[in-house]
Structure formats: C-alpha cells, structure tokens
1. Of all residues in region 163-178, count the ones that are hydrophobic (A, V, I, L, M, F, W, C) and touching a Pro at 6+ places or on another chain (Cβ under 9 Å).
2. Give just the number: which of (1) touching a strand residue (DSSP E or B) at 6+ places or on another chain (Cβ under 7 Å); (2) on the phi < 0 side of the Ramachandran plot; (3) of a type outside the set (Val, Ile, Thr) does HIS124 not satisfy?
3. I'm trying to understand the selection: among the residues of region 390-400, which are within 30 Å of LEU445 (Cα to Cα) and either without any contact (Cβ under 8 Å) to a residue 60 or more places away in the chain or in contact with a His (Cβ under 6 Å, 6 or more places away or on another chain) (or both)?
4. Among the residues of region 227-250, write down those that are under 16 Å from the mean Cα position of the chain (by Cα) and either over 20 Å from SER101 (Cα atoms) or within 12 Å of the ligand (Cβ to nearest atom) (or both).
5. Taking region 447-476 only, how many residues are surrounded by 12 or more Cβ atoms within 10 Å (Cβ to Cβ) and not in a loop (DSSP other than H, G, I, E, B)?
6. So which residues in region 251-273 are more than 12 Å from the ligand (Cβ to nearest atom) and part of a loop (DSSP other than H, G, I, E, B), if there are any at all?
7. Any residue in region 414-437 that's closer than 17 Å to TYR279 by Cβ and of a type in the set (D, E, K, R): show its pairings with residues that are part of a strand (DSSP E or B) and within 16 Å of the ligand (Cβ to nearest atom) at Cβ separation under 8 Å, as long as the two are six or more apart or on different chains.
8. Which of (1) in contact with a Phe, Trp or Tyr (Cβ under 7 Å, 6 or more places away or on another chain); (2) under 23 Å from GLY141 (Cα atoms) does SER104 not meet, given it meets every other one?
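The values are calculated or read from the model by the stated rules, or taken from the named source; none is laboratory data. Not measured: the values here are computed from a predicted model. Cβ atoms come from the backbone with ideal geometry, glycine included; neighbour counts cover every protein chain shown.
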Amino acid sequence: MVYKGFREWLQLVENDGGVKHISGVDWNLEMGGIAEIVAREGKKPMPALLFDDIPGYPRGFRTLCGLMNSPRSLAMALDIPLEGSMELMPLLQRWRAKMRSHHSVAPKVVSSGPVQENVLSGEHIDVTIFPSPKVHELDGGRYIGTACAIIQKDPDTGWVNLGVYRSMVIDRNRVALHILEGQDGRMIMDKYFERKQAMPVAIAIGVDPALWAAALVKLPWGTSEFDYAGGIKGEPIEVIKGPYTGLPLPAHAEIIIEGECIPGELIDEGPFGEWQGYYANLGLKPVPEPVVRVKTVLHRNNPILTCATPAAPPKDYSLPVCFVRSGGVWDTLEAARVPGVKGVWNHDEGGSWYFTTVSIQQMYAGHSKQAGLIASQATGAFGRYTVVVDEDIDPSDLSQVIWAVSTRSIPERSLQILPRCPSNSADPTISPEEKAKVKVPPKPLFGSRCVIDACRPFEWRKEFYPVTRISPEYREQLMKKFEGLFKELL
Ligand SMILES: Cc1cc2nc3c(=O)[nH]c(=O)nc-3n(C[C@H](O)[C@H](O)[C@H](O)COP(=O)(O)O)c2cc1C
C-alpha cells in the first residue's frame, strides 16, 4: 500500500517538496485567480497550492488547488514507479504497463472512518462552513464540488457509480448538480426521475486521488469506480455506510455531503467557466438543474476542500485529466485489438477531450484509419478531432503533431468527417439558441467528428522523404564535445 486516503497522499507530496502553503487568500476570486495564473504562467512542475487562513473561516479549513498537476504527485497517486523519466509519454507507458494487469478490488466496508470526525444533521446542516471558491468574475456562484466525486446507485442493479460533476452552493442545505447528457450519472438520475423517485446522492470532496482519477474517466457502464480505484492501489478503498442514503462513502474523504434530489425540483445553476475555456452551457445565463437537499454533512477535523479550476488552457488540473483519459483511449484501442499503438495523448488544448493524438507503428493497409476511427469514439459524448501519427512523433507534443499533419496528410484523402456522433450541451460550437431549444424537454444533441490520418502514406511509407535532422549518434558526439556550451544553452 502506498497511502491511505487523500491526506496521506498529500503528506507524501509534501515530503517530496510538492506543496506550496499559502495564507490569507480570499475565497472570492483570489484563490481561483492565483491557481489559474500559477497553472498558466508558473514554473513547471506546478506545486499543489494549499490555502489556509482564509478570511472569514477558521484556521485549518483549507482548500487545495493543483491536485496531481505535477508528474511526481500524479505518479504517487496512481502508484506508478517514480524511477524513470517523468516526461509524459514514458510516464504514460509505465501507467499502461501497470494497468495491463489491473484487477478490480471491491471496496471494504468499515464501521467508522476519519470523515465521521464531524457529522452535521438536522438544523446543524450547513455547507457554507467550507471556504468554497468563486472561481471567475462571471461565475454565478460558489462551487463546493469541482475536484469532487458524486456517488449514485443504479436503481436497477445496485451498481455504484462515481463521476466528477460540478456542484454549486445554493444555501446552507441545498447544492445544485450539473450532470451532462450521456454521462453515467445522468442516465442513473434519469431512471429515478422517470419513476418519480427521489435519488439518493453523495458529494465526496478530498477523496483518495486514485478514486478521483477513476471518477473523471469514462469506465464501462456497470463498472464501479470504487473497484477500479481499489485495483489501481492494489487494496480496497475503505467505505462507511452513509447515515442517510446508505450509499458507500469513502471513509478517508475530507468532506461528504449526503442527500437526495427530488424529481422536477430544479434551481438556477451557473454560469460557470468550464473545462473547454468558455461559459459554454447557455453562455452567461444560469440553467435550471437538479437540487440536492442536504441531509448530512460529514467532515474531517481541519478539512481540505479540493478544487479544480477550469479555464482556458492550461489549467490547474490539466495533467491528471489528460493523462488518465489518454490511458482510457489507449485501453479502448487495445480492447478493440488494434496493434502497434505507441502513444496516445488527449490534449489540454481540447479540454482533454476534443483533440486526441494516437501514434502507431503502421503494420497493415488501413491500420491508421482503423486506429483513428476507434479512438475517435473512445471519448464518450465528447470528441472532435483525432489525429493518427507515425511512431516517430510524440503524440503529446503539439509541435510535432502539427508538423506531421502539415507534411504527411493529404486533405482530399486523409480526413474523414463523421456526422451525427454524440455531443452534449457543453459543446461550445452549438449556439445558445439551439441548446435552449433542446434543454426543456431534453432532446438529443449531435456533433460531428473528424479523423485525420497524418501517417506517411502506407504504400510508400518506407521510401518517404528522409527527415532533416542530425542523427542520434552525431547528436551524442556534439553533446560530448560541447558539453559546457549545452549546459549553458539547454
Ligand atoms: C474538474 C472536473 C469537472 C467536471 N465537471 C463535470 C460536470 O459538471 N458535469 C459533467 O457531466 N461532467 C463533468 N466532468 C466530466 C466527468 O467527470 C467525466 O466525464 C466522467 O467520466 C463522468 O463519469 P461517468 O463516466 O461515470 O459518467 C468533470 C470532470 C472534471 C475533471
């Protein structure tokens, strides 16, 4: 076992020099603004930012931005060996190697856990005791749930799903939930509402980072993120039975809000600056969304509210989402028996969903097209461009990817447009008018996707024009001969 729960992981990162402690920053725009500036303009790798002494809140009621946003803190969270290169592709390859022997490990029910250090119910319920940030100037509220995991149970099978869905504070005992069309959590919610049943739900914050990683990636319908995260860690996630909902709740979480959503009970949510870098729901208009009527609040002493700060790229959670989702696309390619995959990257510039690059070693005619078409559908209700490149291109390096697209693809035959693919109301290319029409009653939204085959043409790939670049051997010679110069310049 590497760590138990969020706090032990944070201690590992702290010991590794990866946490920056910051005092006296306000929840109102300051925290979000600082996280955004550091993520975009700061030194790399970004440390986790731990805010304390937040004006208006007791000392110890903290927030944390930049969760797993450095390769070492991510590797510690996902139990990837720290030995070896921390560059994106080698790190992803180590993660893939580990996940090839991944087995589900069911959660373990325990009688109590640190999250029960404080349990608020009845008239004591108050979700405003936590320093939830207002992230951007145009946001419509304060968000307690961004780096969170929403826990729901499928009413038919009892399967427990966790997904990261944002949650806005309404008042002491109400929180609004935003779950997009096509999400597992949305399909579960629709089942309750169609049957006119209240939906039990829990919002867990400051969860085990492996569990958060599982909650933000698309897993097969019916697979519990608890089991998947247990498999990542090689030991069960400990859960307690929710006092109101009976749902399994992570025993080591920092904060958990339990309650229920009543069919037809909606409240204005947002606007909220989102992951693609826009207010892309209905622009700056709030949208009616389901409300969680809060029944219990559980929290550790001196709780840490984990935050993710969506913004135009790069943002303070780019690394974990791009990394884990790239692994997810790679999984799908392997499950579909596509051989020769050398790398996958879901670029932050596409919100870690809209722009995916796959590198392959071409093995047969049509291989690149096959890889592109399958990868293009591996992103659930999201996705726009999938580029397939040869193995000499690092898929995480946009400069190399654009070079390959510009020099190896032929517009009239390398592009394939796929109409009527899944989309959703987060898509910034669909106008607010069109979205408003489909919201009530909900109607389907379609999007199109494009696969770009930027590999050397298969038939004459071996004779393709040689690349103008010094050979690795000559590079090595130069590096040795001019060591001092390169020390200064590189
Ligand atoms: C920081 C962050 C915030 C997110 N917010 C939302 C959201 O508000 N609504 C939503 O539907 N998906 C949101 N997502 C994406 C989902 O978590 C993701 O699609 C996940 O796969 C959903 O779980 P599911 O596949 O079990 O439905 C967010 C992801 C991250 C990392």
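1. Residues flagged as hydrophobic (A, V, I, L, M, F, W, C) and touching a Pro at 6+ places or on another chain (Cβ under 9 Å) within region 163-178 amount to 2.
2. Looking at each condition in turn, HIS124 falls short on (1).
3. LEU398
4. Within region 227-250, just TYR228 meets the criteria.
5. Qualifying residue count, region 447-476: 9.
6. Of everything in region 251-273, those that are more than 12 Å from the ligand (Cβ to nearest atom) and part of a loop (DSSP other than H, G, I, E, B) turn out to be ALA251, HIS252, ALA253, GLU254, ILE262, PRO263, GLY264, GLU265, PRO271.
7. Between residues of region 414-437 that are closer than 17 Å to TYR279 by Cβ and of a type in the set (D, E, K, R) and residues that are part of a strand (DSSP E or B) and within 16 Å of the ligand (Cβ to nearest atom), the close pairs are ASP427/GLY447; LYS435/LEU282.
8. (2)
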